[in-house]
Amino acid sequence: MDLKAFQASLNAEVPPPELAPALQALWYEAKDDWQHAHEMVQAHDDQDCAWVHAYLHRKEGDLGNAAYWYRRAHKPVTELSLREEWDAIVRALLM
């Protein structure tokens, strides 16, 4: 799956079953279900979910909490727009 296919999957009622939890969380966030996305990443203790967790808190406006999760993900705090970061995370996690 690539970014375009992932974006096209947003027309479905549920995410593709083969997606890892971090990608499922981004899928739900793109469907305006921040809470479900946040619950998903909280349930997993890996670097991918930590990266998405950072993004979610950045989107929420909680930059201090986002910085903590970027550190946990071993990623720098980004200068990208939220949309650019979402795209970048999806691309990276689909590889």
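The values are calculated or read from the model by the stated rules, or taken from the named source; none is laboratory data. Quantities reported herein were computed from a predicted structural model and do not represent experimental measurements. Glycine gets a Cβ as well: all are built from the backbone with ideal geometry, and neighbour counts include every protein chain shown.
In the set (1) touching a residue at least 12 places away in the same chain (Cβ under 8 Å); (2) exposed (fewer than 15 other Cβ atoms within 10 Å of the Cβ); (3) closer than 11 Å to Ala25 by Cα, Glu39 fails one condition alone, (1). Return yes when Pro21 is over 14 Å from Ile89 (Cα atoms) and in contact with a helix residue (DSSP H, G or I) (Cβ under 9 Å, 6 or more places away or on another chain) and no when it is not. Spelling it out, it is not the case that Pro21 is over 14 Å from Ile89 (Cα atoms) and in contact with a helix residue (DSSP H, G or I) (Cβ under 9 Å, 6 or more places away or on another chain). Restricting attention to the range 24-59, the residues that are at pLDDT below 95 and either within 16 Å of Ala88 (Cα to Cα) or not acidic (Asp, Glu) (or both) add up to 0. Here the condition is being touching a residue at least 12 places away in the same chain (Cβ under 8 Å), under 10 Å from the mean Cα position of the chain (by Cα) and closer than 24 Å to Gln7 by Cβ; of His44, His53, it holds for His53 alone. Of the residues making up the range 42-63, those that are aliphatic (A, V, I, L, M) and crowded, with 19+ Cβ neighbours inside 10 Å are Ala50, Val52, Ala54, Leu56. Quickly run through the range 31-79 and pick out the residues that are part of a helix (DSSP H, G or I) and hydroxyl-bearing (Ser, Thr, Tyr). Within the range 31-79, Tyr55, Tyr68, Tyr70 qualify.
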